């Protein structure tokens with residue numbers, strides 16, 4: 001009987017202890033998960049980015065053989081995975097189609113697998129509480145809002161609608177007016193433009209933020225795709241090397257007594273000839289700027305950017321030119337993306353001021369007349385785009401060969417039916433070797449993307465003399481005289497000539513015309529002048545020999561001194577060319593100035609068809625009957 005009671009007491013004690021344990025376990029608040037904290041940890045950009053990275057990695061690296069799929073399902077999964085791999089690789093090279101494919105994949109992943117809804121999506125970005133939105137959030141939402149209506153013209157529409165490309169007078173004393181877009185301007189536009197966002201709109205914006213951190217180019221990812229002239233980063237603000245010197249930086253910050261922008265705050269857009277500072281957005285850290293610089297140039301594996309090789313020049317999938325620099329070659333990591341407006345590369349689109357037909361027609365006849373022509377001007381003045389447009393008027397029967405440092409012209413995108421082949425320098429093939437190959441490729445017309453170094457200038461002279469019917473090229477010279485002297489000095493530096501006079505004569509004999517472009521402070525581009533080079537050839541003129549017929553010794557010496565003077569003039573400072581401005585830009589319009597020389601006129605007509613030659617002579621007669629004198 002006592003044994004029965006003992007068991008009963010033990011069972012009761014165990015049940016009581018278990019009840020007490022369960023009571024404390026269920027009422028212990030520390031062990032109850034806080035739903036709000038859990039949601040904040042789950043529904044934020046960093047966590048979602050990590051989820052996307054992990055999921056896509058598993059999808060592209062899992063072993064399909066372990067899933068026991070049917071043959072048809074296995075093939076479907078394999079094709080889908082290969083397509084995703086290809087898109088993940090191509091989206092970092094400027095391929096918009098691959099980018100959109102990856103973004104669609106991320107959108108589908110978050111929508112179906114991550115549990116986003118109308119409520120928790122606002123935890124990721126505070127769409128409904130606008131006071132908590134950062135300047136970057138508002139900029140991204142605005143850009144998406146305009147992109148829905150205007151596509152890749154979204155940024156242009158935003159600038160034009162609110163006149164954001166006007167000069168702004170900085171309040172600080174001593175500062176000059178500049179082009180800048182501030183956070184305050186974005187705030188004002190955001191209040192006017194954005195009213196309500198649908199769930200799908202919010203998710204698209206979040207997908208873009210995740211994509212640009214994961215595979216894209218950070219805050220410039222969408223901007224790079226827009227219809228702009230170019231974009232650069234890391235070109236203003238304090239370099240990281242100075243910020244890391246804590247003592248000097250703190251002293252500098254105390255002296256400045258204001259927020260100091262860093263290199264990673266530097267984003268500049270090149271729009272219609274104007275450099276506009278986007279002060280409203282930032283890369284956020286030096287590591288992010290460095291990541292963008294290390295990825296943006298990688299299309300077609302151009303080689304490694306390293307301390308020993310501190311810069312890279314390459315193109316992107318869409319034809320944009322990209323230049324990346326890094327320390328120690330540059331003071332900070334920086335990149336420069338230059339885009340070319342291929343669809344609008346026509347003379348009528350580029351030249352629009354009063355009297356434009358005069359300049360347009362003359363350029364057409366220069367090309368039809370096979371004149372060796374340079375397109376000169378400062379950086380950003382539109383040389384490359386004008387050169388693209390001029391190619392249209394080259395005889396379709398002529399084979400075109402292009403030599404560039406990096407592929408920029410992309411003429412085959414515009415003129416798909418033409419016989420065109422472009423070459424560029426590589427680490428193992430020099431420009432001279434490329435030119436030698438060109439001579440064996442049935443080329444008729446040679447185009448040099450840019451004459452920027454002494455060897456390239458020497459190639460241009462060589463190419464114009466023996467390798468082609470005529471040549472088109474671009475140069476950074478400010479005046480025609482500078483152009484001639486720059487090319488002359490390049491011939492001397494490369495050792496092709498050691499006599500200054502002979503080198504100059506070679507240049508003068510080669511160049512026929514120069515089209516000089518100019519870009520004003522407000523970004524307006526126009527042709528400042530079209531100049532003809534007229535060689536002054538004194539070699540065929542005989543020296544004066546009237547001293548032979550003199551009667552007295554004194555007269556002989558006097559006349560012989562005239563002969564000696566003429567000799568020294570020809571061998572020293574004699575000018576070997578005359579630059580004549582055929583067309584000039586005056587008071588906002590193009591006007592005819594000097595007529596063409598007979599030599600160029602006759603040679604141009606020889607290369608034209610009979611119809612073009614007649615039209616050309618009529619054109620000259622119409623505009624140069626009473627030329628405007630300079």
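So, residue 421, is that one farther than 27 Å from residue 534 by Cα and at pLDDT 85 or above or not? Considered against the rule, which asks whether it is farther than 27 Å from residue 534 by Cα and at pLDDT 85 or above, residue 421 comes out as yes.
If the condition is being loosely packed, with under 15 Cβ neighbours inside 10 Å and more than 32 Å from the chain's Cα centre (by Cα), then the stretch 40-56 contributes 40, 41, 44, 47, 54. You will find that of 104, 139, the residue that is surrounded by fewer than 16 Cβ atoms within 10 Å (Cβ to Cβ) and at pLDDT 90 or above is 104 and no other. Among strands (runs of 3 or more DSSP E) entirely within the stretch 296-395, having at least 3 residues that are closer than 23 Å to residue 479 by Cβ and touching a strand residue (DSSP E or B) at 6+ places or on another chain (Cβ under 9 Å) singles out 373-376.
Tell me, yes or no, whether the stretch 468-485 has at least one residue that is free of Cβ contacts under 8 Å to residues at least 60 places away in the same chain and surrounded by 22 or more Cβ atoms within 10 Å (Cβ to Cβ). No - not one qualifying residue is present in the stretch 468-485.
Against the numbered list (1) touching a residue at least 12 places away in the same chain (Cβ under 8 Å); (2) more than 23 Å from the chain's Cα centre (by Cα), residue 408 comes up short only at (2). Only a single criterion out of (1) surrounded by 15 or more Cβ atoms within 10 Å (Cβ to Cβ); (2) over 22 Å from residue 277 (Cβ atoms) is not satisfied by residue 328, namely (1). The single residue among 537, 522, 573 that is at pLDDT below 85, within 30 Å of residue 271 (Cβ to Cβ) and outside any helix (DSSP H, G or I) turns out to be 522. Kindly indicate whether any position in the stretch 491-503 is crowded, with 19+ Cβ neighbours inside 10 Å and touching a strand residue (DSSP E or B) at 6+ places or on another chain (Cβ under 9 Å). Taking every residue of the stretch 491-503 in turn, none turns out to be crowded, with 19+ Cβ neighbours inside 10 Å and touching a strand residue (DSSP E or B) at 6+ places or on another chain (Cβ under 9 Å). A search for C-beta distances below 7 Å between a residue of the stretch 352-371 that is without any contact (Cβ under 8 Å) to a residue 40 or more places away in the chain and any residue that is assigned to a helix (DSSP H, G or I), counting only pairs 6+ apart in sequence or on different chains, returns 360/347; 360/348; 364/393.
Against the numbered list (1) surrounded by 22 or more Cβ atoms within 10 Å (Cβ to Cβ); (2) at pLDDT 90 or above, residue 356 comes up short only at (1). For the stretch 191-214, the candidate set comprises residues that are surrounded by 13 or more Cβ atoms within 10 Å (Cβ to Cβ) and farther than 25 Å from residue 46 by Cα; within that set, the residue that is modelled with the lowest pLDDT is 194. Please go through the stretch 413-429 and give me each residue that is surrounded by fewer than 20 Cβ atoms within 10 Å (Cβ to Cβ) and touching a helix residue (DSSP H, G or I) at 6+ places or on another chain (Cβ under 8 Å), ordered by number. Of everything in the stretch 413-429, those that are surrounded by fewer than 20 Cβ atoms within 10 Å (Cβ to Cβ) and touching a helix residue (DSSP H, G or I) at 6+ places or on another chain (Cβ under 8 Å) turn out to be 414, 415, 418, 422, 423, 424, 425.
Of all the listed residues (116, 133, 69), the sole one being surrounded by 13 or more Cβ atoms within 10 Å (Cβ to Cβ) and at pLDDT 90 or above is 133.
Taking the stretch 440-460 as the search range and keeping residues that are over 28 Å from the mean Cα position of the chain (by Cα) and surrounded by 15 or more Cβ atoms within 10 Å (Cβ to Cβ), which one is nearest to residue 315 (Cα to Cα)? Out of the qualifying residues, it is 443. Give just the number: which of (1) part of a loop (DSSP other than H, G, I, E, B); (2) more than 26 Å from residue 160 (Cα to Cα); (3) modelled with pLDDT of 85 or more does residue 291 not satisfy? Going through the list (1) part of a loop (DSSP other than H, G, I, E, B); (2) more than 26 Å from residue 160 (Cα to Cα); (3) modelled with pLDDT of 85 or more, residue 291 breaks only (1). Mind listing just one residue for me: the one in the stretch 426-447 that is without any contact (Cβ under 8 Å) to a residue 24 or more places away in the chain and in contact with a strand residue (DSSP E or B) (Cβ under 9 Å, 6 or more places away or on another chain) and, of those, nearest to residue 407 (Cα to Cα)? My answer is 429.
A count restricted to the stretch 104-137 and to residues that are more than 26 Å from the chain's Cα centre (by Cα) and part of a helix (DSSP H, G or I) stands at 17.
The values are calculated or read from the model by the stated rules, or taken from the named source; none is laboratory data. Bear in mind that the values here come from a model prediction, so they are computed numbers and not experimental data. All Cβ positions, even for glycine, are placed from backbone atoms using ideal geometry, and neighbour counts span all protein chains on display.
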